[in-house]
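Scroll down for the structure; my scribbles are underneath it.
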Amino acid sequence: MYQENSHGYPLPPSSLLATSETLERVRQKIIYSRRLERLWRFIEESYSDPDIRLGDAARHSGVSQDHLNLLLRRFGDTTFHDLLARYRIEKCLGLLHERNYTLTEIYSRCGFNSPTTFDRQFKRWVGCVPREYKSTLTNNAGNIKPFFE
């Protein structure tokens with residue numbers, strides 16, 4: 001069944017994004033740590049760079065890689081890689097809903113270095129590949145009655 005949710009995008013109800021807290025809620029939980037607040041700003045500013053690594057994020061946050069993931073698990077119940085992938089996917093969803101971009105432009109703008117990685121992460125978080133999701137939006141412009149109903 002189609003489900004409008006707190007993420008602001010139509011998602012299959014069983015998708016990882018639909019069953020997870022919103023990014024805003026995760027952000028609210030992790031800003032209790034100043035270092036994680038720095039990490040959040042780093043992700044916001046750098047998510048489109050496909051070469052971001054855990055080491056870069058840790059240096060920017062002023063902690064070791066292990067300590068960064070420990071803080072993320074403690075305060076956000078996530079890891080750096082999951083947080084970054086999820087942030088990127090949610091940015092992709094926004095661009096898909098604008099309907100002005102090709103899938104190649106979207107994955108490039110959001111920091112994915114290949115269509116395969118983009119497809120894999122999108123399917124993991126949204127429950128379908130980007131092409132199917134975009135097709136659903138295009139075919140039902142305005143009256144979304146998605147394939148995952």
Legend entry - Residue list for segment 27-44, filter: modelled with pLDDT of 75 or more, more than 12 Å from the chain's Cα centre (by Cα) and surrounded by 14 or more Cβ atoms within 10 Å (Cβ to Cβ): Arg35, Leu36, Glu37, Arg38, Leu39, Trp40, Phe42
Inset, instruction - Give me the pairs, please: first residue somewhere in segment 67-91 and free of Cβ contacts under 8 Å to residues at least 40 places away in the same chain, second residue anywhere and in a loop (DSSP other than H, G, I, E, B) and surrounded by fewer than 21 Cβ atoms within 10 Å (Cβ to Cβ), beta-carbon distance under 7 Å, and either six or more positions apart or on two chains. - result: Asn69/Thr79; Arg73/Thr79
Inset, instruction - Could you please tell me which pairs satisfy a Cβ distance under 8 Å, a separation of 6+ or placement on different chains, a first residue in segment 111-128 that is among the acidic types (Asp, Glu), and a second residue that is assigned to a loop (DSSP other than H, G, I, E, B)? - result: Asp119/Val129
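The values are calculated or read from the model by the stated rules, or taken from the named source; none is laboratory data. Worth saying up front: this structure is predicted, and the values here are computed from it rather than measured. Methodologically, a virtual Cβ is constructed for each residue, glycine included, from the backbone with ideal geometry; neighbour enumeration extends over all protein chains shown.
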